[in-house]
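Right, one structure below, let's go through it.
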């Protein structure tokens, strides 16, 4: 009974996305809420989720690569609060990331 078969699995195309640490977001359905930091002031913003892998969350590109986001103390900040930002290095851990892309990724949904 040497039977063979063929299967095709469609996974969709690549979608441009901006990577952030998963710990920076509060997720509800297909949306993620983050606190971005601009000029020492926290701004609450919600973005569509494009994907997730490991400790990386991929959001729509309306969040520009290089945007500072709050990763610690999210529960204690409010929109408009002033903060003293401490910058840490972050780079998504996907093999599909082009070397010059920084925090921008192309992911499959």
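When region 23-33 is examined, which residues are found to be closer than 22 Å to residue 87 by Cα, in contact with a strand residue (DSSP E or B) (Cβ under 6 Å, 6 or more places away or on another chain) and surrounded by fewer than 16 Cβ atoms within 10 Å (Cβ to Cβ)?
26, 33
Could you grab the pairs with beta carbons closer than 8 Å, sequence gap of 6+ or different chains, first residue in region 1-13 and touching a residue at least 60 places away in the same chain (Cβ under 8 Å), second one in a loop (DSSP other than H, G, I, E, B)?
Close Cβ pairs satisfying both conditions: 11/108; 12/108; 12/109; 13/108.
Give the residues of region 37-62 that are surrounded by 14 or more Cβ atoms within 10 Å (Cβ to Cβ), over 9 Å from the mean Cα position of the chain (by Cα) and not in a strand (DSSP E or B), sorted by residue number.
61
Here's the yes/no breakdown for (1) exposed (fewer than 15 other Cβ atoms within 10 Å of the Cβ); (2) in a loop (DSSP other than H, G, I, E, B); (3) at pLDDT 90 or above:
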{"residue": "17", "(1), (2), (3)": "no, no, yes"}
{"residue": "35", "(1), (2), (3)": "no, no, yes"}
{"residue": "75", "(1), (2), (3)": "yes, no, no"}
{"residue": "85", "(1), (2), (3)": "yes, yes, no"}
{"residue": "91", "(1), (2), (3)": "yes, yes, no"}
{"residue": "95", "(1), (2), (3)": "yes, yes, no"}
{"residue": "102", "(1), (2), (3)": "no, yes, no"}
{"residue": "105", "(1), (2), (3)": "no, no, no"}
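Residue under question is residue 66, and the condition is that it be over 17 Å from residue 87 (Cα atoms), in contact (Cβ under 8 Å) with a residue 24 or more places away in the chain, within 12 Å of the chain's Cα centre (by Cα) and surrounded by fewer than 16 Cβ atoms within 10 Å (Cβ to Cβ); does it hold?
Values: over 17 Å from residue 87 (Cα atoms): no; in contact (Cβ under 8 Å) with a residue 24 or more places away in the chain: yes; within 12 Å of the chain's Cα centre (by Cα): yes; surrounded by fewer than 16 Cβ atoms within 10 Å (Cβ to Cβ): yes.
The answer is no for residue 66.
Among the residues of region 36-47, how many are without any contact (Cβ under 8 Å) to a residue 24 or more places away in the chain, in contact with a strand residue (DSSP E or B) (Cβ under 6 Å, 6 or more places away or on another chain) and farther than 12 Å from residue 24 by Cβ?
Total satisfying the criteria: 1.
Is it the case, given these coordinates, that residue 23 is part of a strand (DSSP E or B), within 24 Å of residue 73 (Cα to Cα) and touching a residue at least 40 places away in the same chain (Cβ under 8 Å)?
No, not satisfied.
The values are calculated or read from the model by the stated rules, or taken from the named source; none is laboratory data. Just so you know, these numbers come straight off a predicted model, no measurement behind them. Neighbour counts run over all protein chains shown; Cβ positions are idealised from the backbone, glycine included.
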